[in-house]
Amino acid sequence: MTHLLPPNLLKLFAARPPLPYYRPVDKDISRVKPKSLDGTAAILERVREENALGTGVGKRAADGEGGADGGAMEEGEEGEEVEEPFSLAEEYRRQIRREERKKRLADDFTKAKTSYKPNEDPQAVGDPYKTLFIARLNKNATEADLRRAFEQYGQLERVRIVKDPKGRSRGYAFVIYDRERDMKGEYIQKKSSSQPSAVVLPRRLRASST
């Protein structure tokens, strides 16, 4: 079809000149021969034989063989790291350590299980149907801040921020109202409003700790 076009349009379809030739900087992939790679099985077998005969790398480093003259290594010069051969005694010690660690973890679990008594917690007080659980609480918030924020919906019986043994806030708290309807009204009000700083949830489970 292009041969039917006039000369002024044929110029638009003319082929461009070929790209200039540059010598490649790397070898031709088609001419590169793959290198033959040998495995390490023979080397490992030789290392095992030398270690068995006591002439391995670890033995030479322990004997302090330094130069061709066979003299002692100069004081202060760092030698090669001594590689201790693996033995059954080392495997036995590892097995003992594993058993001791397993027994220690089992003892810690048993101790924690027997000492965990949430029903005897002196802080677990109040009616759960009157309690609000405050999650994602700011670590710098205080109980006075929570009291000012929640007492506008009703009289509060108790406000408690849960803390770790070092006295730092764990990021959640419990707010107990004197009346259940005050707690419900406050929860509905907080749920309808957008407050990204904290999440307010009603505490319905009696087994939970306040």
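Numbers for the structure displayed
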item	result
Members of segment 75-98 that are among the hydroxyl-bearing types (Ser, Thr, Tyr) and either surrounded by 10 or more Cβ atoms within 10 Å (Cβ to Cβ) or at pLDDT 80 or above (or both)	Tyr92
Hits in segment 119-133 - residues which are in contact with a Ser or Thr (Cβ under 6 Å, 6 or more places away or on another chain) and at pLDDT 85 or above	Thr131
Selection status of Ala144, surrounded by fewer than 13 Cβ atoms within 10 Å (Cβ to Cβ) and in contact with a strand residue (DSSP E or B) (Cβ under 6 Å, 6 or more places away or on another chain)	no
Pair list, Cβ < 6 Å and 6+ apart or interchain, from segment 152-174 residues that are without any contact (Cβ under 8 Å) to a residue 40 or more places away in the chain and part of a strand (DSSP E or B) to residues that are surrounded by fewer than 17 Cβ atoms within 10 Å (Cβ to Cβ) and aromatic (Phe, Trp, Tyr)	Val162/Tyr172
Segment 85-130, residues that are closer than 30 Å to Gly185 by Cα and without any contact (Cβ under 8 Å) to a residue 60 or more places away in the chain	Asn119, Pro122, Asp127, Lys130
Complete set of residues in segment 6-41 that are at pLDDT below 80 and among the aliphatic types (A, V, I, L, M)	Ile29, Val32
Positions within segment 87-125 being under 30 Å from Arg160 (Cα atoms) and within 26 Å of the chain's Cα centre (by Cα), in sequence order	Asp108, Phe109, Ala112
Residue within segment 197-210 that is at pLDDT below 90, of a type in the set (S, T, N, Q), within 30 Å of Lys117 (Cα to Cα) and out of contact with any helix residue (DSSP H, G or I) (no Cβ under 7 Å at 6 or more places or on another chain) present	yes
Total residues in segment 99-141, condition β-branched (Val, Ile, Thr) and surrounded by fewer than 11 Cβ atoms within 10 Å (Cβ to Cβ)	2
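The values are calculated or read from the model by the stated rules, or taken from the named source; none is laboratory data. Treat the numbers as computed from the prediction; the structure is a model and nothing was measured. As a convention, Cβ positions derive from the backbone with ideal geometry for all residues, glycine included, and neighbour counts pool all protein chains shown.
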